[in-house]
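In what follows, a structure is listed as structure tokens, so that the remarks can point back to it.
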Amino acid sequence: MFNFLTLGLFFSPLRELISLSFKSELYSHILLIPFVSGYFFYTKRNSLAFVKSYSFIPGIIITFIAITVYFIGLQFGENLNSNDRLALMILSAVIFWVGGFIFFYGHHAIRIAAFPILFLFFMTPIPSRVVEIAILLLQIGSTETSYVLLTLTGAPFLREGFTFHLAGMSIEVAKECSGIRSSIALVITSIIAGQLFLRTGWKRIALILSAFPITIFKNGLRIVTLSLLGVYVDPRILGSQLHRSGGIPFFILALAFLVPVLWGLRRSERKAGIVE
């Protein structure tokens with residue numbers, strides 16, 4: 001019954017979300033979120049079965065909040081852009097699922113299933129304003145990192161804001177160079193890794209926070225590497241597939257930087273006697 005109610009209410013926004021995940025590189029991760037969350041629900045199935053009990057009033061209250069958010073989205077969605085309207089509708093869907101979970105499993109189960117429940121909120125598209133601010137911060141950080149790295153290489157250049165003038169060409173650190181997509185992917189990866197391998201809350205947070213400087217350093221390294229290759233090897237590189245789609249090798253490099261941070265945090269837990 002609950003599943004049919006979910007489909008009846010949210011079929012259209014969920015279908016739109018699936019379409020968006022195929023069209024937008026920013027949201028290509030969304031289709032993986034339910035599967036990751038489902039895996040963590042599965043690992044906790046025995047504990048959930050042990051504490052399972054109905055919790056009618058809290059569950060109904062939260063589902064009512066979800067439906068309220070849903071109708072707010074219907075009423076005022078025309079005043080929002082398509083991204084923000086969809087974000088509101090998907091947010092209401094996730095809240096609805098949380099209410100359903102509490103209704104059927106009880107509020108005591110929330111503590112056990114907190115991670116997979118909260119992880120579902122990554123299905124919600126990021127509000128446009130938040131994306132703009134994040135891109136600007138990443139653009140600034142990537143530009144400053146590129147400046148430091150270019151200085152260290154000894155290559156002659158002149159900086160003008162987000163633009164670097166090198167021998168024979170100018171390189172602008174545009175919004176497209178911010179690496180917002182890989183930043184989201186790295187943050188989600190660090191959240192999953194922290195849940196799997198760490199047991200201390202603040203160390204999980206430290207791992208997540210480490211993803212931001214790693215991302216900025218990776219962006220700066222990519223910008224400088226491609227710029228120097230364009231200047232000293234072949235200028236066509238800056239218009240090549242390597243420039244447009246060469247982020248994967250640098251994302252792998254970012255993961256390589258994340259591994260020793262995870263290893264150090266996990267090792268400190270073992271020294272402190274924190275075990276699984």
- Task: Please go through region 247-268 and pick out each residue that is closer than 19 Å to residue 143 by Cβ and either basic (Lys, Arg) or modelled with pLDDT under 85 (or both).
- Result: 247, 250
- Within region 19-54, the residues that are touching a helix residue (DSSP H, G or I) at 6+ places or on another chain (Cβ under 7 Å) and β-branched (Val, Ile, Thr) are 30, 33, 36, 51
- Residue within region 189-206 that is surrounded by fewer than 21 Cβ atoms within 10 Å (Cβ to Cβ), more than 30 Å from residue 32 (Cα to Cα), β-branched (Val, Ile, Thr) and not assigned by TED's automatic domain parsing to the domain that holds residue 22 present: no
- Task: Kindly list, by first and then second residue, each pair from a residue in region 70-81 that is under 19 Å from residue 6 (Cα atoms) to a residue that is of a type in the set (Ser, Thr, Tyr) and assigned to a helix (DSSP H, G or I), limited to pairs with Cβ atoms under 9 Å and residues at least 6 apart or on different chains.
- Result: 70/92; 71/92; 72/92; 73/92
- Message: If a residue must be touching a His at 6+ places or on another chain (Cβ under 7 Å) and either loosely packed, with under 13 Cβ neighbours inside 10 Å or of a type in the set (Phe, Trp, Tyr) (or both), how many such residues does region 143-184 contain?
- Response: 2
- Item | One residue from 102, 95 being assigned by TED's automatic domain parsing to the domain that holds residue 57, buried (at least 21 other Cβ atoms within 10 Å of the Cβ), in contact with a Ser or Thr (Cβ under 7 Å, 6 or more places away or on another chain) and part of a helix (DSSP H, G or I) | 102
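The values are calculated or read from the model by the stated rules, or taken from the named source; none is laboratory data. Everything numeric in this text was worked out from a predicted model, so none of it was measured. Positions of Cβ are backbone-derived with ideal geometry, glycine not excepted, and every protein chain shown enters the neighbour counts.
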